[in-house]
Amino acid sequence: MLSRASKYAILSTLYLAEHSSKEKKISVKQIADEIDVPSPFLAKLFQQLVHAKIISSVKGPNGGFFITPKNGKKTVCDIIENIDGLHKLNECFLGLHECDSKNPCPVHFIVEPFKNSILGKFRDKSILEFSKEVADNGRVLTLKNIDLE
């Protein structure tokens, strides 16, 4: 399954896609505060994402991070591949080291179709498409300011 780093990278990239532009850059601290993740950890992830051209940045007093239309064409799979590697999505659901169609774990054939479906959606939808879907459907990127009682 996905590491915490990949989860944070996906959340923060979707946040940028919804709230930033070349004219409106956002700081790591602001994003970390908004989606409730550790700022230093997010800063390291952003270095990787900028290097992979998944997000963009500008240094200086008016600097920050943003998503360009070109960045927005990347996929969630690109984020996961850059942070964890795609092998994370192919790991055994029960954590066995050897698990595939020839050497299946007890739940392999139950879980495999779901993993393939998720992987397909992560490959087929761009970051901008995911971001639009999040906004259109009223989904949240954090539970930070939501009253759960």
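Listed values, structure above:
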item	result
Selection status of G72, among the small types (G, A, S) and farther than 17 Å from Y15 by Cβ	no
Residue that is surrounded by the fewest Cβ atoms within 10 Å (Cβ to Cβ), among those in segment 42-96 that are free of Cβ contacts under 8 Å to residues at least 12 places away in the same chain and not in a helix (DSSP H, G or I)	P61
Conditions (1) part of a loop (DSSP other than H, G, I, E, B); (2) farther than 18 Å from K7 by Cα: number failed by P113	(1)
Sole exception among (1) modelled with pLDDT under 85; (2) exposed (fewer than 13 other Cβ atoms within 10 Å of the Cβ) for S101, by number	(1)
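The values are calculated or read from the model by the stated rules, or taken from the named source; none is laboratory data. In this text, all values refer to a predicted model and were calculated from it rather than measured experimentally. Note that we place each Cβ from the backbone using ideal geometry, even for glycine, and neighbour counts take in every protein chain shown.
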